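Chemist: Just dropping this structure here.
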Amino acid sequence: MTLAFSPADLTLPCAHFIGGEYVRDTAAMEVRAPSTGAVIARVPVADAAMVDRAVGAARQALAVSGWSGLRPRERLAALHRWADLIEAEALTLARLEAVCSSRPVSHALTGDVAVTAEQIRFFAEFADKEGGDLVPTGDGSFGFIAAEPYGVVGAIAPWNFPISMAGWKLGPALAAGNAVVLKPSEMTPFSTLYMAELSVRAGIPAGLVNVVLGDGAVTGTAITAHPGIDKVSFTGSTRAGAAIMENIARTGIKPMTLELGGKSPMVVFDDADPDLAADCLERGILPNAGQFCVAGSRILVQRGIADALAAKLAERFARPAPAATWEEEAGFSPIISEPQLQRIDGIVQAARAQGGEILCGGGRFDRVGSFYRPTLIAGVSATNPAVTEEIFGPVATFQTFETEDEAMQLAAHPTYGLCAGLFTRDLSRALRCTRRLEAGTVWVNRYGRSRDHILPTGGWKASGLGKDLGREAFAANRRTKSVLIDL
Ligand code: NAD
C-alpha cells in the first residue's frame, strides 16, 4: 500500500456537515499545508445563523431518532459500525489529516486513526454498562440517581490531533445518548468532516453528528453562546478556555469541560536509567514537533548526571530530518503555521536574550515549509519565558537541581498542571514525588499515554476542568437526576 500522495490529487470537503449532508456556504478562510505554506483550500466560517441551523438539526435528530432512548446495545452497535468504517477508510482519513496538519500520513494511519477507532469502541462499551445508582433510603421511600444525556453537546477542537480530538469528543457524547455540534480547528477541518460523513454511513442517525467550519471568534463564540447547546466540551489553549468561560458566564450558564494548555516538567534523578530517560525526554518533546498538550517541555536533571544527559540529548535533537507530511516515510513534523513558527522563535530569542544558552537548534530549518529545529535551552532562570510560557513547538529547557525538594519546587508551575514525568529507580522517592506534583497525570519511568483508555486525561489548575478519556469522559456527557419516591 502506498501512503505517499500529492495534495493536488485529494478531494477536500469544504462545506459544513449538517443534518447528514454537506451544506455549502461562502468560502471565507484559507487552509494552508504547513509542509509547504501553500493554500490548499478555502472554507466557510459558520455565523450564528449557521450554528443555529446545526443546533436545530441536532435537536430534530434526537427527537426523530429517539437516540437517547434506544436500547443501549443499539447505540453501542452503531458506534462499533462507525469504528469499523473508520478503520476501513483509514487511508483516506490519514491523507485528509496529513494534508493540512503536522501529522505525517504514516503516523496518522497507524496511530491517530487506529487509536481513534479503538477509543470509539471503548466509549461504545459504556452505553449498556454504566447506569445510574440505587441509593439507600428509609423503608418508606425509594431513591435512585438517574443519569441522562445532556441533549446537544457543543464541541470545539484544536488542530494538533484533529482525528483524535474529534474521537475524544464524539465517542463519549454519542455513547451517552447526546447529539453533537462540533467545530474543528479552522486550520484542519477535512478529516473531521469525513468522520462525520462516515458516522451517517455507519447508521448513526443523520443530524447526531454535525460539523460547522469556522474560527473561534465567530463560530466558536456562536456555539458556546447558543441557548440550544446544553454542554460545552472544549480542547485548546488556556487563553481560549478563559474566553469561553467568560462568554458562557455572560450568555447563560451551562456546564463545560475544558482541556487546556500545559508546561510539563520531566524530573530526572541521578539513579535513573540514563538511556531510558533520554528516550523518554526525546519522546516527550520531539513527536509532532512538540505540538502536543502533554509535551515534557521543562527538563529538570539532578546535577550528577546533567552534563552527560545534556550531551546525549543535544546529539539526539540534531538527528531529526524534516519531511512533508505526505511523504511515504514520516519525517520531522512542520509547525502548523508560519505565525505559530514566528511565535516559537520569538520565545526562543527572548530566552536567549535573557541569559539562555542554546545547546542545539534555535532557528528554522533552511527549507520550504514551517519547520523549526529541535531546540534545547540551558542556563534559564525560573522566570525565563522559555520556562514559563507554553511554547507548543520542539523546544525544551534544561535546568539542574541538587535535592528532591529543589526538584519539586522547580517542577511546580505557577499556573499549569497538566502532567509530569519522573525518572528514578527509587520506588519510595517516586511515590513521594508523585504525591507532591500538582498535575492531572504523572508518568514514572515512561512518557506518553498508553492504550489504556480507562486512564482519564485532563489538567489541574489552569490546565483545565474535567477529563477526557476514561470513565470520567463518559460521565461528563451525562447529568444526574436524584429521584425519591414515597412508597
Ligand atoms: P486554540 O485555543 O487557539 O484553538 C482551539 C479551538 O478553539 C479552535 O477550534 C479555535 O477556533 C477555537 N477557539 C479559539 N478561540 C475561541 C473562543 N474565544 N471561543 C470559542 N472557540 C474558540 O488552540 P490551538 O492552537 O488550536 O491548540 C493548541 C492548544 O491546545 C495548546 O494550548 C494545547 O496545550 C491545547 N491542547 C490541550 C489538550 C488537552 O487535552 N489538555 C489537547 C490538545 C491541545
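Chemist: Identify the residue in region 237-250 that is near the ligand (Cβ under 8 Å from one of its atoms) and small (Gly, Ala, Ser) and, among all such residues, is most open to solvent (accessible area, probe 1.4 Å).
Modeler: Ala243
Chemist: Condition (residue is out of contact with any strand residue (DSSP E or B) (no Cβ under 6 Å at 6 or more places or on another chain), open to solvent by 30 Å² or more (accessible area, probe 1.4 Å) and under 30 Å from Ala8 (Cα atoms)) applied to region 115-130: is it met by at least one residue? Talk me through it step by step, then tell me what you get.
Modeler: Going residue by residue through region 115-130, those that are out of contact with any strand residue (DSSP E or B) (no Cβ under 6 Å at 6 or more places or on another chain) are 115-130.
Okay, now just the ones that are also open to solvent by 30 Å² or more (accessible area, probe 1.4 Å), so 115, 118, 121-122, 125, 128-130.
Then drop every residue that is not under 30 Å from Ala8 (Cα atoms), which leaves 115.
Yes, region 115-130 contains at least one residue that is out of contact with any strand residue (DSSP E or B) (no Cβ under 6 Å at 6 or more places or on another chain), open to solvent by 30 Å² or more (accessible area, probe 1.4 Å) and under 30 Å from Ala8 (Cα atoms).
Chemist: For region 382-485, which strands (runs of 3 or more DSSP E) that fit wholly inside it have 1 or more residues that are open to solvent by less than 10 Å² (accessible area, probe 1.4 Å), assigned by TED's automatic domain parsing to the domain that holds Phe365 and within 16 Å of the ligand (Cβ to nearest atom)?
Modeler: Counting at least 1 such residues, we get 395-401, 419-423.
Chemist: Exactly one condition in (1) of a type outside the set (A, V, I, L, M, F, W, C); (2) under 30 Å from Pro322 (Cβ atoms); (3) touching a strand residue (DSSP E or B) at 6+ places or on another chain (Cβ under 7 Å) is false for Thr26; which is it?
Modeler: (2)
Chemist: Another question about this same structure. Within region 1-98, which strands (runs of 3 or more DSSP E) (wholly inside it) include 1 or more residues that are open to solvent by 40 Å² or more (accessible area, probe 1.4 Å)?
Modeler: In region 1-98, 21-23, 27-32, 39-44 are the strands (runs of 3 or more DSSP E) which contain 1 or more residues that are open to solvent by 40 Å² or more (accessible area, probe 1.4 Å).
Chemist: Residues being within 26 Å of the chain's Cα centre (by Cα) and on the phi < 0 side of the Ramachandran plot: count how many of those fall in region 378-409.
Modeler: Summing the residues that are within 26 Å of the chain's Cα centre (by Cα) and on the phi < 0 side of the Ramachandran plot in region 378-409 gives 13.
Chemist: List pairs: first residue in region 26-43 and at positive phi, second residue exposed (fewer than 14 other Cβ atoms within 10 Å of the Cβ) and assigned to a loop (DSSP other than H, G, I, E, B) anywhere in the structure, Cβ distance under 8 angstrom, at least six positions apart or on different chains.
Modeler: If the second residue must be exposed (fewer than 14 other Cβ atoms within 10 Å of the Cβ) and assigned to a loop (DSSP other than H, G, I, E, B), the pairs left are Gly37/Val368.
Chemist: When the residues of region 264-295 are filtered to those that are farther than 22 Å from Phe332 by Cβ and in contact (Cβ under 8 Å) with a residue 60 or more places away in the chain, which remaining residue is nearest to the chain's Cα centre (by Cα)?
Modeler: If we take residues in region 264-295 being farther than 22 Å from Phe332 by Cβ and in contact (Cβ under 8 Å) with a residue 60 or more places away in the chain, then Pro265 is nearest to the chain's Cα centre (by Cα).
Chemist: Here's a follow-up. Going by the structure shown, is Ala378 more than 25 Å from Ser35 (Cβ to Cβ) and of a type outside the set (D, E, K, R)?
Modeler: It is true that Ala378 is more than 25 Å from Ser35 (Cβ to Cβ) and of a type outside the set (D, E, K, R).
Chemist: Could I ask something else about it? Among Ile253, Ile229, which is part of a loop (DSSP other than H, G, I, E, B), open to solvent by less than 10 Å² (accessible area, probe 1.4 Å) and more than 11 Å from the ligand (Cβ to nearest atom)?
Modeler: Step by step, each of Ile253, Ile229 is checked, and only Ile229 is part of a loop (DSSP other than H, G, I, E, B), open to solvent by less than 10 Å² (accessible area, probe 1.4 Å) and more than 11 Å from the ligand (Cβ to nearest atom).
Chemist: So which of Gly138, Gly143, Gly151 ends up being in contact with an Asp or Glu (Cβ under 7 Å, 6 or more places away or on another chain) and surrounded by fewer than 24 Cβ atoms within 10 Å (Cβ to Cβ)?
Modeler: When all the criteria are applied, what remains is Gly151.
The values are calculated or read from the model by the stated rules, or taken from the named source; none is laboratory data. Computed from a predicted model, the values in this text were never measured in an experiment. Cβ coordinates were reconstructed from backbone atoms using ideal geometry, including for glycine residues, and neighbour counts include every protein chain displayed. Note: accessible area is taken over every heavy atom of the protein model, side chains too, but ligands, DNA and RNA are not part of it. Shrake-Rupley method; radii C 1.70, N 1.55, O 1.52, S 1.80 Å.
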